[in-house]
1. Work out, step by step, the length gained on full extension between residue 125 and residue 57: first 0.36 nm times the residue separation, then minus their alpha carbon distance; give nm to one decimal.
2. Normalised radius of gyration for the chain, please: alpha carbon Rg relative to 2.2 N^0.38 Å, two decimal places.
3. Give the calculated FRET efficiency between residue 64 and residue 40 to the nearest 0.05, with a Förster radius of 25 Å applied to their Cβ-Cβ distance.
4. Evaluate the distance, in nm, between pseudo-label points positioned 7 Å from the Cα of residue 100 and of residue 158 along their respective Cα→Cβ axes.
5. Determine the percent antiparallel among the DSSP beta bridges restricted to the chain, to the nearest 5.
6. Sketch the reach of a paramagnetic label on residue 86 as a point 7 Å from Cα along Cα-to-Cβ, and name the residues of the stretch 128-158 whose backbone nitrogen lies under 20 Å away.
7. Using 0.36 nm per residue, how much length does the chain from residue 134 to residue 146 gain when fully extended, once their Cα-Cα distance is taken away?
8. For helix 123-135, what angle does its Cα long axis make with the longest principal axis of the chain, in degrees from 0 to 90 and rounded to 10?
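Laboratory data are not the source of any read-out in this text; all were calculated from the coordinates shown. In this text the structure is predicted, and so the values were computed from the model without any measurement. Here the Cβ positions follow ideal geometry from the backbone for every residue, glycine too, while neighbour counts run over all protein chains shown.
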């Protein structure tokens with residue numbers, strides 16, 4: 001039976017907007033309509049994205065002055081502070097984000113040709129990290145494996 005390295009489905013106890021509202025409230029801020037729209041867009045599907053891609057999705061609302069670019073950038077920072085998003089890499093000077101809230105620890109394969117990111121989980125990697133940490137009397141808080149190379153589709157194009 002082959003190993004299944006997929007992440008599987010993700011379930012959270014509370015919705016991302018509620019979780020973000022709690023984070024903001026603890027800091028004396030509120031979940032404004034603009035922040036709510038941004039959080040809903042970010043968590044409407046699980047994709048890696050950069051700020052410009054998010055702005056492109058929100059462009060009609062920006063044009064209608066319902067959401068502002070500065071608020072988008074501030075909200076991304078707040079989502080990182082809330083540990084709901086994380087920046088996983090920088091491509092051409094742009095941070096690439098992924099969901100952190102509700103998603104299990106996982107690693108990535110990155111195609112250097114097309115930029116595709118493939119998420120996977122691998123228990124042997126986790127065990128190896130734990131073993132190395134024990135050997136060095138090191139307390140692990142997490143790990144990140146980022147494998148670079150070329151995906152099958154790009155290799156076939158050559």
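1. Numbers: separation 68, 0.36 × 68 = 24.48 nm, distance 3.57 nm.
Full-extension gain reported as 20.9 nm.
2. Details: Rg = 18.1 Å, N = 158, 2.2 N^0.38 = 15.1 Å.
That ratio works out to 1.20.
3. Values: r = 16 Å, r/R0 = 0.64.
Step by step, r from the Cβ atoms, then E = 0.95.
4. Output for this residue pair reads 3.6 nm.
5. On the way: 12 of 16 bridges.
The antiparallel proportion sits near 75 percent.
6. The answer is 128-134, 138-149, whose backbone nitrogens lie closer than 20 Å to the label point.
7. On the way: separation 12, 0.36 × 12 = 4.32 nm, distance 2.22 nm.
Contour length minus the Cα-Cα distance gives 2.1 nm.
8. Here the helix axis deviates by roughly 80 degrees.
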